[in-house]
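The values are calculated or read from the model by the stated rules, or taken from the named source; none is laboratory data. Only a predicted model underlies this, so the values are computations on that prediction, with no experimental measurement involved. Here the Cβ positions follow ideal geometry from the backbone for every residue, glycine too, while neighbour counts run over all protein chains shown. Heads up: the accessible areas ignore ligands, DNA and RNA and are worked out on the full protein's heavy atoms, side chains in. Shrake-Rupley method; radii C 1.70, N 1.55, O 1.52, S 1.80 Å.
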Amino acid sequence: MVSRLRRDAALRTVPGPKPPGRRGPAPTSGDRRIELAKRAGQRRGWVTGVFDLYGAPAVKRYKTFLATWRPAGGAIRAVLVEEPSGWVAFFCTDPSASVADILTAVADRFSLEIAFRECKEIVGAGQQQVRFIWANVGAFHVCLWTYTMTEAWAWGRTAAELVDRSDSPWDTPLRRPSHTDKRRAWRRALLGEEIRAVLRLGVTELEIQTAAERLLSLAA
């Protein structure tokens, strides 16, 4: 398991080997406490490395060491990373994990948090005002399926097909399309198919009027 580590976490050193002839179980933690603030303040031990994070190489200054932490059940691999806003700490319950494995897992977790935020803020999961429990379950399922189907539709399409940044020159063209961009692109594709179906040969006046009223209601 990889997660963020509090700055005041009660870490201790790794215990040494059990002395021969000593009775009882082997100790699970050392006898000295590790203060992360002091470790971060020490100049020695910092190393600079390049890691593939968020789809691009990133230079990070870090410090890593082994420790024991009671909530984790024993030994952990702790990693301190120097950021512009200050140092942050992470840990992994596998002491043999590398720094690259830990930082990559932290970066991957950020994409999950983005997905949760988009489900709540863009799709509206959990905001339905319905009365019964199964209505809430059904509405939540519809929101999640809407999110999943949009991502599946946009999976094999390029960024140029999903978003047009010509009307927003201040935006960087290297930014990946958001879920909102994908929803708008799919909506445009569906409306385009509907318009092309109405413009076929032999279309009736009633079909044209119905399509026009629908498009006007969407625009309004």
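A few notes on this one:
- Scanning the stretch 105-117 for residues that are open to solvent by less than 50 Å² (accessible area, probe 1.4 Å) and either over 22 Å from Arg184 (Cα atoms) or modelled with pLDDT of 90 or more (or both) yields Ala105, Val106, Ala107.
- With respect to the conditions (1) within 12 Å of Leu11 (Cα to Cα); (2) not in a strand (DSSP E or B), Arg43 lacks only one, and its number is (1).
- Restricting attention to the stretch 165-186, the residues that are open to solvent by less than 60 Å² (accessible area, probe 1.4 Å) and modelled with pLDDT under 80 add up to 3.
- Trp134, sole failed condition from (1) over 30 Å from Ala40 (Cβ atoms); (2) open to solvent by less than 20 Å² (accessible area, probe 1.4 Å): (2)
- Subset of the stretch 187-211 that is modelled with pLDDT under 80 and among the small types (Gly, Ala, Ser) - its residue that is least open to solvent (accessible area, probe 1.4 Å): Ala211
- Residue within the stretch 85-100 that is open to solvent by less than 50 Å² (accessible area, probe 1.4 Å), under 30 Å from Arg43 (Cβ atoms), assigned to a helix (DSSP H, G or I) and at pLDDT 90 or above present: yes
- The stretch 113-134 residues that are in contact (Cβ under 8 Å) with a residue 24 or more places away in the chain and among the aliphatic types (A, V, I, L, M), paired with ones that are surrounded by 13 or more Cβ atoms within 10 Å (Cβ to Cβ) and assigned to a helix (DSSP H, G or I) (beta carbon under 7 Å, 6 or more apart): Ile122/His179; Ile122/Thr180; Val123/Cys143; Val123/Thr146; Val123/Tyr147
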